[in-house]
1. Out of E744, E755, I need the residue that is farther than 20 Å from R711 by Cβ and surrounded by fewer than 17 Cβ atoms within 10 Å (Cβ to Cβ). Which one?
2. Please tell me if T383 is over 15 Å from the mean Cα position of the chain (by Cα) and either farther than 30 Å from T312 by Cβ or within 16 Å of the ligand (Cβ to nearest atom) (or both).
3. Please tell me if Y527 is open to solvent by 20 Å² or more (accessible area, probe 1.4 Å) and in contact (Cβ under 8 Å) with a residue 60 or more places away in the chain.
4. Just checking, how many residues over segment 628-647 are away from the ligand (no atom under 16 Å from the Cβ) and open to solvent by 10 Å² or more (accessible area, probe 1.4 Å)?
5. Among (1) part of a strand (DSSP E or B); (2) buried (at least 23 other Cβ atoms within 10 Å of the Cβ), there is one condition R663 misses while meeting the rest; what is its number?
6. Count, please, the residues in segment 214-249 that happen to be of a type outside the set (G, A, S), open to solvent by 20 Å² or more (accessible area, probe 1.4 Å) and closer than 24 Å to D274 by Cβ.
7. Can you tell me which residues in segment 587-627 are more than 16 Å from the ligand (Cβ to nearest atom), within 19 Å of A657 (Cβ to Cβ) and open to solvent by less than 30 Å² (accessible area, probe 1.4 Å)?
Amino acid sequence: MNQDYIIPDNWSILEEGFDAERVEASESLFSLGNGAMGQRANFEEEYSGDTFQGSYIAGVYYPDKTKVGWWKNGYPEYFAKVLNAPNWIGINVFINGEVLDLDACKEIRGFRRELNMKEGWYERSFTAIMPNEMEVAVKVVRFLSLKRNELGVINYDLEVKNSDATIIFEPYLDSGITNEDANWEEKFWKTLEVKFENEQAFITAKTLKTEFHATAFMQSKLFKNAKAVKTEPIEVSFDEKVIFRYTTEAKKGEKVALHKFGGYVTDMNHKRNDLIDAAKNVLDDAVPAGYDKLLQEQKDAWAGIWEMADITIEGDVKAQQGIRFNIFQLNQTYLGEDARLNIGPKGFTGEKYGGSTYWDTEAYCIPFYMATKNHEVARNLLTYRYNHLGKAIENAEKLGFTNGAALYPMVTMNGEESHNEWEITFEEIHRNGAMVVAIKRYVDYTGDFSYVPEKGLEVMIAIARFWQQRANYSTQKDKFVILGVTGPNEYENNVNNNWYTNYIAKWCIDYCLASMERVEKEFSSDYMRVMKKTGLQDEEISRWREVSEKMYFPYSEEYKVFLQQDNFLDKEIIPVSELPRSQRPINQKWSWDRILRSCYIKQADVLQGFYFFEDHFSLEDMEKHFDFYEPLTVHESSLSPCVHSIQAAALGRMEQAYQFYLRTSRLDLDDYNNEVKEGCHITSMAGTWMSIVEGFGGMRVVDGKLSFNPRIPEGWESYSFKINFRDKILKINVAPGKTSFTLEGNESLKILVKENTVEVKPSVPLTV
Ligand code: BGC
């Protein structure tokens, strides 16, 4: 744990006291999003201290030309960057001619931030003594509307406490912004038009190369003692900025407020020529509705989300705050309504990881969205990859694969690979397997097989083709091997026969063959269509079978475990517990070379395989592998603790499961990996949800039935979660020695509890 300033609370993230050192971390933690846009918790007014400015629009990116020391054939041309978008939140504040800047104030009292997750708003308040001795009390509330997802609203409340004063608010729009992360220090936006009329302002800008067009807009209203003031602001405009200046005289103790309405419209959703009209429409609807009504809409919309997605924990406020923070951030990032969008590992909270799509979505996020929303959302996530199949085939062709073999990118915005480190792009091929795991999980959970004949089978065939071509026959071993890979553990590169990769490769082929059989029987016309489209022949299928049957798996007779890779045991094996604390995280303290040679594992690797394919192994096997690998794992990927928490729970090691749970759920709040100022780890937050539902709740799908094996961490009085299983809504409440199930609707549901079948009747809680 690297920080502990966040105050525990069931529903809010709270910070008290101003500390300039914490500003960037809090900018991440108090971020806002509504699925379509998001922003770090930057101050509205001027701030000359260290800050990381970030406003982001979903799906809008820039292909930043790859920068590497030595170009290698096959490198992607660019790395996709999420873009800091034009600033619409800015409001300069002047009191008697002096700018309000917290970095310059003589004293700051009562500084407080609250991210109210229940209702979806962020508030910041403080009293400051400015260099000119003016004592100002400020309270700012901001939210990004879920209902009107192009709109954000700010209520900037201010009172000068010790004097009459001239107050100036300068709300502005600014497209002269830059990215922290830019390979060539270039600007990514070009401003096309700055326009204002009748207290409304618009800046239209386009991204270079990708040519996304976005119009940022704003309109403000001034209030004195809660009454609207008639205003005629002075407009000042520059090439990339437009400012409205509102000046007002306030008596000592009089309250003034500026309501600012702003946001973005883009050509992803409107015709390019209509952007300003679209922005006007948003303002013309929102401004007359007013702040209070819009805030109420926000509260109602979040209530709707929580109704289905909430997890309650009684008796452990830090754990409760952690899980709600995770669920809140996931919903701020992705709501599943737009199949063009996906879940970036940092969501709208930072630039790192390009805001792009990783295997994280398939490996970690699908279960959460599948269970807390309707099935269309998970289907949209699968369709996203189906729509990128052509590009995945091109991507494989660039690397020399043929005949429709597909390699899905490690990182993408539009289907093209846009990560440019060779050990990831070329070698971290296990990601292909997660695409198929996601399809299987979707089918098992929703019971909706129709996705496979419609779309999924084509994806699986292309992936099976890839694995068959990527494996090669070793005469030495009389087996098929997969050489030169990086497994999920990115702390080893270019290894041979990473067990996880080999295992998932074989499984992808087997699952594809089994799915083909079912499609042929049950959906024959789709079968014919897919066979024709893919040109798949029996002879190719027999090559797949050969690879699957003769796949090589490194194994240690001595330890009776599968080896992470051929040479794993050549390493010096020293458990993490013997590493001095001062040496960690090793990715910040050690050279890369030292890391690569060490036995330390960044995240679940062999254990990731045991997680996906738990039913292929006995509990004893899992325990043996867990005891071998976990002690060597440094958990320096956010994706690591959740898998370990689920497995520790399955092994009945509740204390360990709980420690991993805290680490996953409070990873950002307590900054375990010492990097939260770069943004929050959004995709692993879905892993936190899994830690409770699959870990403590022991939820699985067994032969089409929901199965539970509930356990509860010591000290918790109870916890509860709700899931949508095949359109039936089931609420599960677990207390020590007692679990109850409540079913909504009017059909009953048979489930397994500790392997016994029980029937839950609608609206009659069943307690076991
Ligand atoms: C992990 C990857 C993950 C990526 C984005 C990396 O640190 O090693 O597995 O896909 O972060 O979350």
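1. Matching residue, one of E744, E755: E744.
2. On the way: over 15 Å from the mean Cα position of the chain (by Cα): yes; either farther than 30 Å from T312 by Cβ or within 16 Å of the ligand (Cβ to nearest atom) (or both): yes.
Judged against the criteria, T383 is a match.
3. So Y527 fits the description; yes.
4. 3
5. Among (1) part of a strand (DSSP E or B); (2) buried (at least 23 other Cβ atoms within 10 Å of the Cβ), the lone unmet condition for R663 is (1).
6. The qualifying residues number 5.
7. Of everything in segment 587-627, those that are more than 16 Å from the ligand (Cβ to nearest atom), within 19 Å of A657 (Cβ to Cβ) and open to solvent by less than 30 Å² (accessible area, probe 1.4 Å) turn out to be F610, M622, H625, F626.
Yes/no matrix, rows are residues, columns are (1) more than 28 Å from P63 (Cβ to Cβ); (2) open to solvent by less than 10 Å² (accessible area, probe 1.4 Å):
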| residue | (1), (2) |
| --- | --- |
| E416 | no, no |
| W422 | no, no |
| I429 | no, yes |
| K440 | yes, no |
| G456 | yes, yes |
| W467 | yes, yes |
| S474 | yes, no |
| G484 | no, no |
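The values are calculated or read from the model by the stated rules, or taken from the named source; none is laboratory data. The structure presented is a predicted model; accordingly, all values stated were derived computationally and were not measured. Every residue, glycine as well, gets a Cβ built from its backbone with ideal geometry; the counts of neighbours run over all protein chains shown. To get the accessible areas, we keep the full protein, side chains included, count just its heavy atoms, and leave off ligands, DNA and RNA. Shrake-Rupley method; radii C 1.70, N 1.55, O 1.52, S 1.80 Å.
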